[in-house]
Every structure is written in C-alpha cells, then in structure tokens.
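The structure under discussion appears below in the form of structure tokens.
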C-alpha cells in the first residue's frame, strides 16, 4: 500500500514516527508533506488539500494526516471530492472507518493519542479492507449529488 503523509507544525514528531511505522509495516511512504521544524508554522488546510490531492491522483493509495487533534485536518480533507477522512482514537473505529465507510484518509491528533496507540491505529487502518456490499450504496451517498 502506498501512503501519503502530512502534518502541521503540531505533529511533526508523530508524522516522522508514523512514516517509519508505515515502512516497518511493509508499506511505502509515497510522499510526506509538512514542515521540518515545529517553529515552521503552516496552515493545516493547505497540508490536508495537498495530501488529499495526492491520494486522489494515486488510485489505491491512502492518506495519513496528523495535527493537534486530527479534527482540523479531517474537516479540510473531507471538503475534497472523493476523500473520506476519519478521525479515530480506538482500533475498532479505525477498522470500521475502512470496512464500512471506505475511508481513504486517517486523521490522528498528536495531542490526544500517544505514539504507540497511533501506530496501532495506523496498522489497523492499513490492514482493514472495504467490505463493499450494502456499505457501497451508503458510501456513494457521501459524494456530492449522492
């Protein structure tokens, strides 16, 4: 699986930890977007739009966005057609976001989940697959005009 990662200045360390985890899980870090230092302030919507664009342009890939809470990234990403971003804080929600909602972007908050939990959430998200069936009809309704 190819994964496009992004963070704002509040989550640089978590982004780096999770980039290493993506590779350790046997997946490919397709791109990494965001500042290189916490002193380099960026606007999270810009990062979310950039990563969302890469996910849309790279069929079958997934995105990972991290900021302070994950909420702002999710809000910005979900405004992009074809993106279904989910903020999760437990493994069950991470699995269901993929299996039932066909989420293609995982959003995490560096200020609300620790590194080890974030790795579990990421692995769960990457390992889960969309179940299709009755869920496909529902996911179609999430798109504009759906």
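Tabulated data for the structure shown
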item: Filter pass, residue 58 being surrounded by 15 or more Cβ atoms within 10 Å (Cβ to Cβ), over 21 Å from residue 115 (Cα atoms), out of contact with any helix residue (DSSP H, G or I) (no Cβ under 8 Å at 6 or more places or on another chain) and at pLDDT 95 or above; result: yes
item: Residue in the range 28-42 that is free of Cβ contacts under 8 Å to residues at least 40 places away in the same chain and out of contact with any helix residue (DSSP H, G or I) (no Cβ under 8 Å at 6 or more places or on another chain) present; result: no
item: Cross-chain or 6+ apart pairs with Cβ under 9 Å, the range 117-142 first and at negative phi, then surrounded by fewer than 13 Cβ atoms within 10 Å (Cβ to Cβ) and in a helix (DSSP H, G or I); result: 119/24; 124/92; 130/136
item: Cβ-Cβ under 7 Å pairs, at least 6 apart or on other chains, the range 63-80 side touching a residue at least 12 places away in the same chain (Cβ under 8 Å) and at negative phi, far side surrounded by fewer than 19 Cβ atoms within 10 Å (Cβ to Cβ) and part of a helix (DSSP H, G or I); result: 76/45; 76/49; 80/49
item: Complete set of residues in the range 72-90 that are closer than 17 Å to residue 42 by Cα and out of contact with any strand residue (DSSP E or B) (no Cβ under 6 Å at 6 or more places or on another chain); result: 72, 75, 76
item: Top-ranked residue of the range 94-116 - restricted to ones that are without any contact (Cβ under 8 Å) to a residue 24 or more places away in the chain and surrounded by fewer than 16 Cβ atoms within 10 Å (Cβ to Cβ), ranked as nearest to residue 27 (Cα to Cα); result: 116
item: Single residue of the range 14-24 satisfying the filter (in contact with a strand residue (DSSP E or B) (Cβ under 9 Å, 6 or more places away or on another chain) and in contact (Cβ under 8 Å) with a residue 24 or more places away in the chain) that is surrounded by the most Cβ atoms within 10 Å (Cβ to Cβ); result: 18
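For (1) touching a helix residue (DSSP H, G or I) at 6+ places or on another chain (Cβ under 6 Å); (2) closer than 19 Å to residue 139 by Cβ, each residue gets a yes or a no:
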{"site": "6", "(1), (2)": "yes, no"}
{"site": "10", "(1), (2)": "no, no"}
{"site": "77", "(1), (2)": "yes, yes"}
{"site": "95", "(1), (2)": "yes, yes"}
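The values are calculated or read from the model by the stated rules, or taken from the named source; none is laboratory data. Small disclaimer: the values here were computed from a predicted structure and weren't measured. Here the Cβ is made from the backbone with ideal geometry for all residues, glycine too, and neighbour counts use every protein chain on show.
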